[in-house]
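Notes for the one structure printed next.
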Amino acid sequence: MEEKPASAPVVNSDIPSKSKKRFWILVVICILGLVLLKMSFVFLFIGMMPAMVAYLIDHDKNKYSSSTVAALNFAGVFSYLMEIYMQGGTFEAVKERLFDANVWLVMYGAAAAGWFLVWFSPIVASVALDGIYRGRILHLETMQKKAEEEWGKQVTGHGHHEE
């Protein structure tokens with residue numbers, strides 16, 4: 001019998017180019033952010049750290065977990081970001097917010113709320129679906145009893161067949 005040569009593992013040569021492309025997009029976004037938002041961008045970067053960590057540890061293709069965390073994290077950062085921007089995006093405005101413990105609590109607490117949703121939503125969905133399915137089973141059992149009363153036990157396949 002003839003042995004087939006072992007095929008070389010398939011390597012996706014597109015991966016390095018994708019990560020290079022993502023890197024350069026990130027660099028451009030950071031430069032634009034620094035130019036347009038001034039020091040506000042530094043605050044945004046620090047405030048959005050939990051979202052960045054969530055993105056790095058989320059191995060799902062669609063990144064649902066990190067999207068949830070990022071949305072709530074941004075909600076916690078946005079009002080302070082607007083305050084800083086309205087004050088001209090100065091270093092003093094950023095420093096004032098970063099030295100306020102309540103600001104950190106709101107920004108990172110909002111990200112924690114995102115993680116809570118990621119953790120808690122499947123539980124809520126499971127309980128809701130369980131209730132729906134139990135209701136459906138109860139409905140079907142009721143319909144089965146009505147059919148038995150009207151047509152007899154042979155409807156369920158447990159009755160005696162007359163031939």
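The values are calculated or read from the model by the stated rules, or taken from the named source; none is laboratory data. Computed from a predicted structure; not experimentally measured. Neighbour counts run over all protein chains shown; Cβ positions are idealised from the backbone, glycine included.
If the condition is being modelled with pLDDT under 80, part of a helix (DSSP H, G or I) and either of a type in the set (S, T, N, Q) or surrounded by 11 or more Cβ atoms within 10 Å (Cβ to Cβ) (or both), then the stretch 13-33 contributes 17, 19. Regarding the stretch 122-132, can at least one residue be identified that is within 30 Å of residue 78 (Cβ to Cβ), among the hydrophobic types (A, V, I, L, M, F, W, C) and touching a Gly at 6+ places or on another chain (Cβ under 7 Å)? Looking for residues that are within 30 Å of residue 78 (Cβ to Cβ), among the hydrophobic types (A, V, I, L, M, F, W, C) and touching a Gly at 6+ places or on another chain (Cβ under 7 Å), one finds none in the stretch 122-132, hence no.
Against the list (1) at pLDDT 95 or above; (2) over 27 Å from residue 122 (Cβ atoms), the condition residue 39 fails is (1). Looking across 79, 121, one residue alone is surrounded by fewer than 15 Cβ atoms within 10 Å (Cβ to Cβ), within 23 Å of residue 38 (Cβ to Cβ) and not aromatic (Phe, Trp, Tyr). It is 79.
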